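The values are calculated or read from the model by the stated rules, or taken from the named source; none is laboratory data. This one's a predicted model, so the numbers in the text were calculated from it and none came from an experiment. Heads up, the Cβs are rebuilt from the backbone with ideal geometry, glycines too, and the neighbour counts pull from every protein chain shown. Protein only, heavy atoms only, side chains kept; ligands, DNA and RNA dropped before computing areas. Shrake-Rupley method; radii C 1.70, N 1.55, O 1.52, S 1.80 Å.
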Amino acid sequence: MSNTDSFIDEVNEEVRRDRFYLLLRRYGWIAALAIVLIVGGAAWSEYRKAQDQAQAEALGDAMLAALSTDDVAARADQLTLIAAPTPNSAAVLRLLTAAEQAEAGETVAAIATLDALAVDGEVPAIYRQVAQFKSLTLQGADTPAADRRQALEAMAQPGNPLRLLAAEQLALVDIEQGEVEAAIARYQAILQDAETTSDLQQRALQVIVALGGEPALTDTMTGGGIPGQTGDN
């Protein structure tokens, strides 16, 4: 390589270095800011996680302390005093509170707790649906059968996670109103549903037999849980 070429390379290298330092002085603050934001964001995320964990632990401790009380009514009262940090945890807390109120015989208070949760738009739909369902089951005959039927039919629609339980309650409303054949038909539909749990299947079988019906069993079912029947029938 000639001296001329070497000199040109050195000049080019110097120009590139000067240009780099110029860009660094002009835009270096952007890189520094980006680093600060990344580090700060990571620190804030860890802080929030720690805060959320601390709140969850505090809520759990408060709920356990309330549930450790021997008196059922006192348990319900203590649960109502707990403040939940998030809508989801508040929904769970209210469902638990309603269960304790119902166990203590405070049915009206339990229904009020569930009804308030059922119309709370800040919580996910599943919590509202569970609250409405539990409220209806607690109301029983105190609420006109037509009103209960209307609400349960809405829950029994395809895609609703509580549809099979709602169908079971509709069958009970049918029985209450003397519509035995309609009740048997609902229970038969429950038996044929692929999503029916074993417990619900067992209840359906027993009620169909008690009503004088003949369960329509599928190949996957056995007759071991049906009164008066065997798997060979």
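Numbers at a glance
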{"item": "Residues satisfying the stated conditions in region 143-166, i.e. among the hydrophobic types (A, V, I, L, M, F, W, C) and in contact with a Leu (Cβ under 8 Å, 6 or more places away or on another chain)", "result": "Ala151, Leu152, Met155, Ala156, Leu164, Leu165, Ala166"}
{"item": "Region 122-155 - residue that is small (Gly, Ala, Ser) and under 14 Å from the mean Cα position of the chain (by Cα) and, of those, most open to solvent (accessible area, probe 1.4 Å)", "result": "Ala125"}
{"item": "The lone exception for Gln188 - which of (1) open to solvent by 60 Å² or more (accessible area, probe 1.4 Å); (2) assigned to a helix (DSSP H, G or I); (3) out of contact with any Leu (no Cβ under 9 Å at 6 or more places or on another chain) it fails", "result": "(1)"}
{"item": "Number of positions in region 156-185 that are open to solvent by 50 Å² or more (accessible area, probe 1.4 Å) and more than 17 Å from Ser198 (Cα to Cα)", "result": "12"}
{"item": "Number of the condition not met by Ala118 [criteria: (1) at pLDDT 90 or above; (2) under 19 Å from Leu200 (Cα atoms); (3) small (Gly, Ala, Ser)]", "result": "(2)"}
{"item": "Subset of region 87-119 (residues that are surrounded by fewer than 15 Cβ atoms within 10 Å (Cβ to Cβ) and more than 15 Å from Thr137 (Cα to Cα))", "result": "Pro87, Asn88, Ala116, Val119"}
{"item": "Elements of type helices (runs of 4 or more DSSP H) in region 98-179, at least 2 residues being among the acidic types (Asp, Glu)", "result": "145-155, 163-176"}
{"item": "Cross-chain or 6+ apart pairs with Cβ under 7 Å, region 47-59 first and within 12 Å of Thr86 (Cβ to Cβ) and open to solvent by 70 Å² or more (accessible area, probe 1.4 Å), then modelled with pLDDT of 70 or more and of a type outside the set (Ser, Thr, Tyr)", "result": "Gln55/Pro85"}
{"item": "Residue within region 156-170 that is out of contact with any Gly (no Cβ under 7 Å at 6 or more places or on another chain), under 22 Å from Glu214 (Cβ atoms) and without any contact (Cβ under 8 Å) to a residue 24 or more places away in the chain present", "result": "yes"}
